[in-house]
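For reference, the structure is listed below as structure tokens.
Laboratory data are not the source of any read-out in this text; all were calculated from the coordinates shown. This one's a predicted model, so the numbers in the text were calculated from it and none came from an experiment. Positions of Cβ are generated from backbone atoms using ideal geometry, with glycine treated the same way; all protein chains shown enter the neighbour counts.
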Amino acid sequence: MGKLLRLNMTDRTAVLGDLPDKYKHLGGRGLTSTLVFDEVDPTCHPLGPNNKLVWAPGIVTGTAAPTSARISVGGKSPLTGGIKEANAGSGFAPALANMGVRALVVEGQPEEKDKWWLAHLTWDKDADQLSVEFMAADEYAGRDLYDVFPELFERFGKKVSISGIGVAGEYLYGNSGLVFEDLEGRPSRYAGRGGLGAVMGSKGLKFIVCESKGGPGVEMADKKVFDQGRKALTDALLEHDITKPKGALNTYGTAVLINIMNEAGGLPTRNFSNGRFEGAAKIAGEALFEGNKERLGKELYNHACSPGCIIRCSNTWHKPDGTELVSCQEYESIWSMGANCGIDSLDVTGELIKLCNGYGLDTIEAGATLGVAMEGGLAEFGDAEKAVDLMHEIGKGTPVGRILGAGTATTARVLGVKRAPVVKGQSMPAYEPRAVKGIGIIYATSTMGADHTSGYTIAPEILGVSGKVDQFDRDKADLARGFLEATAFIDSTGHCLFIAFAILDIASGFEGVVEECNGVLGTNWTMDDVGRIGKEILAKEVAFNRAAGISKAADRMPEFMKLEKLPPHDVMWDVPDETLDAVFP
Ligand code: SF4
């Protein structure tokens, strides 16, 4: 059945109860969005006492299912004003699952300000149940997470997992993520989008430290069925060119997309004013691989960000002397700090990414904000030194930093920049919607604001995964809906979305995911249930957003994309509104 753990920050009490029967087949995003839909007043202030923050491991998280250590975090977003689910890969997810916790809800709000708390979760061997202790955490506030994380591991032991916030969450920024440790203990894995760090900060909660040793593990209804599914998925991941060992992701990381998107004319450059960046090759995955080789004197393949990942796409970038600069430089982060700011150096993008990790920021929102700030006159495009300075302003909470920390939309408003690449207040990721129409439909209609992980249509539109689709074709409401639904399902299983490259091409792999879920839950789902489950999750998210005041009129692209032609293809946003409205009829 599993447990539902509630931490009330008003009086710092913890209540552990059985997960209600109605939630028994839910996990990950399905569970966070359902709990938020059921328990959070859509009209509440995101930083007030009535918002809640929900952590939920996926359905198969904590088992031997490959690449399944994802933790979903949900709540009402301070950035979009709507429902939010953001997820990350980290040992925190299997740690909760191993203690039988299917969902952790943080609610209430302390009266005292500027007081920080830490919740320490352990397995009490004598009582044979989870135990929670609240501790003062003021000593960790206002500091770089790269300094704080080693202290937490020193104090609580090397085996603990951590979820928490940096100074961005303390300042209640619209751009503030939730940090988790990677396998080396770095504060580098983020449920970054939507400002959920500020929700945690508004509750005075700085960290949750979790040690699951002794926990009962994940209950399994039918191990044989689970193992069958696990094997089918594992085989697919090991076979597909994108996900196999020494394949595209393991060799070049997600940054393999820089050259590909640049070639397609869809790499947003200098605040979405061009689809091609002349310096793309210098910040591409290939440059990353070759640069590391030169600096280390040997080839370096990527590593897993979280337990049990067999795709292993997470990279480490090294300084000229061979010591580590940062892990990890993702495609999205390199793009946002690089091409989008006119910067063509992996050393600079690495430094900026490290600052985001240390301060607790979402790299996509931060880079998009810098792009707008450059257009608004706070720096020249390509000025790396000034970009670093602006990032420090955010981290120090100066007046300018607070504006930038509020996110791209606020920064554009303050600086009078019309070219604001946002939907529902959230900045666009690294794919130009004018040049790739399907992902634009996803940005416009996603319940999360502009978000590529809501439905990665780039797979067919650019990569030819599951068949090639013309990137400029506008008639993609059905394609978008299918991706939105399938993604809501995958986000509920606990698998990393990157399994999609393999399972969209290899049907037995997708069937394997469904079998894994059946093995854990005792259900009899078939492939037909994938769309149904995804649809049910989306219906709750849409309903929450409507009740929060976000109407269909918000399912639109920013006007500048209908007025400005995007080089090199000279394309505009020309998908009819009727197509957008047909996604959620
Ligand atoms: S595929 Fe990459 S992002 Fe996904 S879990 Fe594995 S290492 Fe992490």
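Going by the alpha-carbon gyration tensor, a ≥ b ≥ c the square roots of its eigenvalues, is the stretch 1-158 rounded (a/c under 1.5) or, if a/c is not under 1.5, prolate (a/b greater than b/c) versus oblate? Note, shape of the stretch 1-158 comes out rounded.
Straight-line cross-link partners of K231 among the aspartates and glutamates, defined as a Cα under 17 Å from its Cα and at least 8 positions apart when in the same chain: D222, E239, D505, E511, E515, E516.
Between the stretch 293-342 and the stretch 401-437, the C-alpha centres lie 26 angstrom from each other.
Exceedance of the 29 Å cut-off in Cα-Cα distance is limited, within the set K354/K468; K468/K562; K22/K158, to K354/K468; K22/K158. Rounded to the nearest whole Hz, the Karplus-based 3J(HN,Hα) values (6.51 cos²θ - 1.76 cosθ + 1.60, θ = phi - 60°) of the stretch 339-353 follow the sequence 3, 5, 10, x, 10, 10, 10, 5, 5, 6, 4, x, 5, 5, 5, with x at glycine and proline. Each residue of the stretch 404-411 is assigned a 3J(HN,Hα), and the resulting list reads 5, x, 6, x, 5, 5, 5, 4 Hz, derived from the Karplus form 6.51 cos²θ - 1.76 cosθ + 1.60 (θ = phi - 60°), x at Gly and Pro. So what is the relative contact order for the stretch 234-279, in percent, with contacts set as C-alpha pairs under 8 Å and at least six apart? For the stretch 234-279, the relative contact order is 18 percent. Between M1 and H45, residue separation times 0.36 nm minus the direct Cα-Cα distance comes to 12.6 nm.
Look at V40, V469 and count the other Cβ atoms within 10 Å of each Cβ; fewest to most, that gives V469, V40. Each label was represented as a point 7 Å from its Cα along the Cα-to-Cβ direction; for D473 and D577 these points are 2.6 nm apart. Sites listed here are trypsin sites (Lys or Arg not before Pro) in the stretch 278-314 whose DSSP assignment is loop and whose Cβ has at most 11 other Cβ atoms within 10 Å: K298. Look at the dipole of the chain built from charges on Cβ: of N274, L378, V514, the Cα furthest out on the positive end belongs to V514.
The alpha-carbon of K115 sits under 15 angstrom from the alpha-carbons of these aspartates and glutamates, leaving out residues fewer than 8 places away in its chain: D11, D138, E139, E170. Under 5 Å from the amide H of G108 lie the amide H atoms of M9, each residue being 5 or more positions distant or on a separate chain, with H modelled from the backbone and absent for Pro and chain starts. A straight Cα-to-Cα reach below 14 Å connects K540 with the aspartates and glutamates D38, E39, D41, E85, E485, residues fewer than 8 places away in its own chain not being considered. For Y301, Y456, Y359, the sequence from fewest to most other C-beta atoms within 10 Å is Y301, Y456, Y359.
Which log10 I(q)/I(0) values does the stretch 208-299 give at q = 0.11, 0.13, 0.26 Å⁻¹ under the Debye formula, counting every alpha carbon as one identical point scatterer? After summing over all Cα pairs, the log10 values are -0.61, -0.73, -1.19.
Entry note, the chain: relative contact order of 17 percent, from Cα contacts under 8 Å with a spacing of 6+ residues. Here the stretch 51-98 and the stretch 480-554 have alpha carbon centers that stand 15 Å from each other. Between F560 and A539, residue separation times 0.36 nm minus the direct Cα-Cα distance comes to 4.6 nm. Using R0 = 45 Å, the C-beta based FRET efficiency linking E286 and N8 works out to 0.35.
The alpha carbon gyration tensor of the stretch 469-585 gives principal lengths a ≥ b ≥ c with a/c of 1.5 or higher and a/b no greater than b/c, which makes the shape oblate. Starting from the amide H of G81, placed 1.01 Å from N in the peptide plane, find each other amide H under 5 Å away whose residue is 5 or more places distant or on another chain. Distant-sequence amide H within range of G81: zero hits.
Remark: relative contact order (the stretch 354-491) = 17 percent; criterion is Cα-Cα distance under 8 angstrom and separation of 6 or more residues.
With a Förster radius of 30 Å applied to the beta-carbon distance between K298 and E184, the computed FRET efficiency rounds to 0.95.
Every helix of 4 or more DSSP H residues in the chain counts as -39500 (n - 2.57), and over all residues that averages to -11500 deg cm²/dmol at 222 nm.
A simple spin-label model places the labels of N524 and K113 5.9 nm from each other, with each point 7 Å out along Cα-to-Cβ. In order along the stretch 6-21, the Karplus-derived 3J(HN,Hα) couplings, from 6.51 cos²θ - 1.76 cosθ + 1.60 at θ = phi - 60°, round to 10, 10, 9, 7, 5, 10, 6, 10, 10, 10, 10, x, 5, 5, x, 3 Hz, and Gly and Pro are given as x.
Within the chain, all pairs of alpha-carbon atoms sorted by distance into 20 Å bins from zero give the percentages 23, 61, 17, 0. Ordering D126, D473 from the fewest to the most neighbouring beta carbons within 10 Å gives D126, D473. Quarter the surface of the alpha carbon convex hull of the stretch 435-509 and you get the mean projected area, 4.7 square nanometres.
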